[in-house]
Amino acid sequence: MTNEQGFYALFQNMPRPEYPFPNLISPFAQEMREIYYNWIDTDYTFHSEKARQTHKKHILTDIAARGLPLLKTLDELFPVASLAANGAMMDDYFDHCSYDEMYAIRERSTALLNGQDKDEPTDHGIFHQFYLLRQRAIKCGMPQRLYDRFIAGIHNLLIGFQDEKRYMSTNTIPPLPVYLILREDTSGGLPFCKYVAMQKDFRMLPDTVLEHPHILRLHTLAALMIGLHNDIISLPKELNRKGDVINIIKVMQNENNVSWEEAYMMAMDFHDNLLNEFKVLHEHLPNFGQWQELAYDYVHTIGIMVQGVYAWHTNDRSRYVPGGYVEPEYQNSKSDRYTEQPFPKQQDSGRS
C-alpha cells in the first residue's frame, strides 16, 4: 500500500457531513451524461487523452442532475449541467494559470455569457461551452431576471478562481475571513442557488422574495456548505500538494497550529454550525404574505441542492481516489505580477 493509499484509508474513518434533505436525481441524468461525453470528445480536445478519459469517469454533469433533480426538461438541465462540468474541468485545467491570465479568461467568458460577444467560439472548447450555456438558457425560456442573476453568480465564481491564484501561486494559506469570501464564490453554490428558482413554480416568486436579505444569507450558507464539504472530501488529494491552499482544513490547521485531525474536526464543527443556521433561518422566514408556502418550499429545495451536490461527491468512485484526479495541464506564461510581490511566507503546521 502506498503512502497515498494509506492516508485515504485513514481518512475513511473520519466523520462526514450529513444533511436532513432528500437525496434525489434527475430523470434526465443519463441523457445528460451522453451529451457530456460528446462535449469532452469535441470541445475538450486540448486536453490529453488521459485527462479526457478520466473526466468521463467523473460524470461531472451528475453534480447538476443531483443538485437540481426537479427540473422539468432536459433543456432546463442543460445550462446548469454545462456550468457544473465546464467549471470543474476548467478549474482542473487552469490550476496553474496566473492571476492575469485568469482575469482575461473571466472577461471573455463573461462577454459570452451576457451576449456582449455574440460570435460562436471556434478556438477553445471552454469558451464554446459558455456560448452554448447562453443559447440553451434562451432555448429553455429562462426568464431574463433569473438568467441575469445566474450569470452574475458565474461571474463571481470566475472572480473567485482569479483571486485565489494570488494564494495558490505563492503556496500561501489565506486567513479564515479571506478563505470564506473565496470559497463562497469558488464552490459554485451561488449560481446553483439562483438556478433553483427554475424548478417547480419558483420562477413565480417575486424579487422581494428571491433577493430578500434573509434568502441571500441562505444562499451564502448553502454555497459555503458546498465549499466545505468539497474541501473535506478532497482533503487526501490536497493536504500535501503544493498550491492547494484553499481548503478549510488547511486554514484551520494553519490558524490554530494543530494536527490535521484536529483541524478536520474544527472544520466539521464549522460546517455543522452553518447547517444549523440554515435550518433555523428556514424555519423562521420573514413574512412573505401570499408567497410564504412557496418560499418555504424554495428554501427546502435549496437544501435538496446541497444534499445532491454532496451525494455526487459520496457516490463518486473515480475522482476522489488515489490518482483519480486530473493533473493541471495548462502551462502559464509566468506573467503573474504576484510572483514578483509574494505574500509573507506562512508556515504550514501540518503533518502527514
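Observations on the structure shown:
- Residue in segment 155-173 that is assigned to a loop (DSSP other than H, G, I, E, B), at pLDDT 95 or above and either among the polar types (S, T, N, Q) or crowded, with 21+ Cβ neighbours inside 10 Å (or both) present: yes
- Test: residue in segment 207-224 that is touching a Phe, Trp or Tyr at 6+ places or on another chain (Cβ under 7 Å), crowded, with 21+ Cβ neighbours inside 10 Å and not in a helix (DSSP H, G or I): no
- Test: residue in segment 233-253 that is farther than 24 Å from F161 by Cβ and either modelled with pLDDT of 95 or more or not in a loop (DSSP other than H, G, I, E, B) (or both): no
- Counting only helices (runs of 4 or more DSSP H) that sit completely within segment 48-108, those holding 2 or more residues that are farther than 18 Å from L132 by Cβ and at pLDDT below 90 correspond to 49-58, 74-93.
- In segment 108-119 there is no residue that is closer than 18 Å to S169 by Cα, within 19 Å of the chain's Cα centre (by Cα) and not β-branched (V, I, T).
- Tally, over segment 86-131, of residues that are within 23 Å of R203 (Cα to Cα) and surrounded by fewer than 20 Cβ atoms within 10 Å (Cβ to Cβ): 2
The values are calculated or read from the model by the stated rules, or taken from the named source; none is laboratory data. Source: prediction; values computed, not measured. We place every Cβ from the backbone using ideal geometry, glycine too, and count neighbours over all the protein chains shown.
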